[in-house]
1. Choose one of 191, 263, 154: the residue whose Cα lies farthest towards the positive end of the charge dipole of the chain (beta-carbon charges +1 Lys, Arg; -1 Asp, Glu; about the Cα centre).
2. Below 8 Å, C-alpha to C-alpha, sequence gap of six or more: please give me the relative contact order for the chain in percent.
3. Say R0 is 41 Å: what FRET efficiency, to the nearest 0.05, do residue 244 and residue 7 get from their beta-carbon distance?
4. Where in the range 83-185 are there trypsin sites (Lys or Arg not before Pro) that are in a DSSP coil and have at most 14 other Cβ atoms within 10 angstrom of their Cβ?
5. Label points 7 Å out from Cα along the Cβ direction at residue 188 and residue 271: separation in nm?
6. Given axes a ≥ b ≥ c from the Cα gyration tensor, I'd like to know whether the chain is rounded (a/c under 1.5), prolate (a/b larger than b/c) or oblate.
7. I need the phi-derived Karplus couplings for the range 233-245: 6.51 cos²θ - 1.76 cosθ + 1.60, θ = phi - 60°, integer Hz, Gly and Pro marked x.
8. Considering the chain as a Gaussian network with a 10 Å cut-off on Cα pairs, which listed residue, 263, 72, 102, attains the greatest mean-square fluctuation?
Amino acid sequence: MTVAADSLSEETIRPHLRTRVLGRALSVFPEVDSTNRVAAELAQAGAVAGTVVVAESQHRGRGRLGRQWFSPPGMNLYLSILLDPPQAPADASSPTLLTWVPLLAGLATAQAIHTLTSLAPRLKWPNDVRVQREGHSRKVGGILTEVIGGTAGVPRVVVLGIGVNANMPADIFPEDLRTIATSLLVETGRPVDRARLLASLLLNIEQWYARLLQHGPSAISEAYCQASETLGKPVAIILQGSRQVTGIATGLAPDGALQLKSPDGSTVEVRAGDIVHLRA
Ligand code: BTN
């Protein structure tokens, strides 16, 4: 399938921006190693919260758990956003809001895709954005959150990186991704306007982030749980060091950790790892 190329630039993105803060400082590059790395460098040079870095391609795109993120030119979204670490409201009992940032980003991404396409993506905990077709779900977007600074007078900054497979034809995917990943183009048969998708995504993040600051995790958890394809399912989670826990995913802890009911009836909370949805 040939797809008419659209381009991402300040000129194509700005007319669609409806945000108050996110993307007001915007840098768009033809190619970078990783937008997360560039955003971190900008933060260290004094870039303000809300700065957004977009690239048409990445030659060292980073994924979760040390993986690479496949980032060919001119067809997908690769962006990173600088955020101040969220502070819990004064009266809140919640221990941390930071762990909710990647979760809200997954939700915001799924909703932006739904706004621009006929798709209704679901979230695999913690923040894989996936599309279901013919009984299979395939990954269409991912989130990588990194926290930098916090030492020797350098303020702590959250770098929120998001990748969405937008207009990538099926034959471009590397062999090892073909059965587990997909793109909006593959799923709908139509190219998406990437500038609009980006603008919608930024607006959603800004709004969810504001709700998180104002109301705490309860502002997000219900919408997140509704979009989850993990909750209610039997899962196996491969932890670091290849230890594995299994159980039924029952809910989210106050910090966004996944709660599992394990076979012996106890509840286990998992904060990181690779999750496999088992057949019910
Ligand atoms: C995942 O493994 O699911 C996370 C993928 C995150 C990829 C995005 S693309 C833009 C940003 N820059 C990076 O190097 N990674 C993130």
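Every number in this text was worked out from the coordinates using simple rules, so none of it is lab data. It should be emphasised that the depicted structure is a prediction, and the values quoted were computed from it without experimental measurement. Backbone-built Cβ (ideal geometry, glycine too); neighbour counts: all protein chains shown.
1. 263
2. 18 percent.
3. Values: r = 44 Å, r/R0 = 1.08.
Plugging the Cβ-Cβ distance into 1/(1 + (r/R0)^6) gives 0.40.
4. Passing both the DSSP loop test and the Cβ count: 156, 178.
5. 3.8
6. Oblate, because a/c is 1.5 or more while a/b does not exceed b/c.
7. Per-residue couplings from phi come out as 9, x, 9, 10, 10, 8, 8, 4, x, 6, 5, 10, 10 Hz.
8. 263
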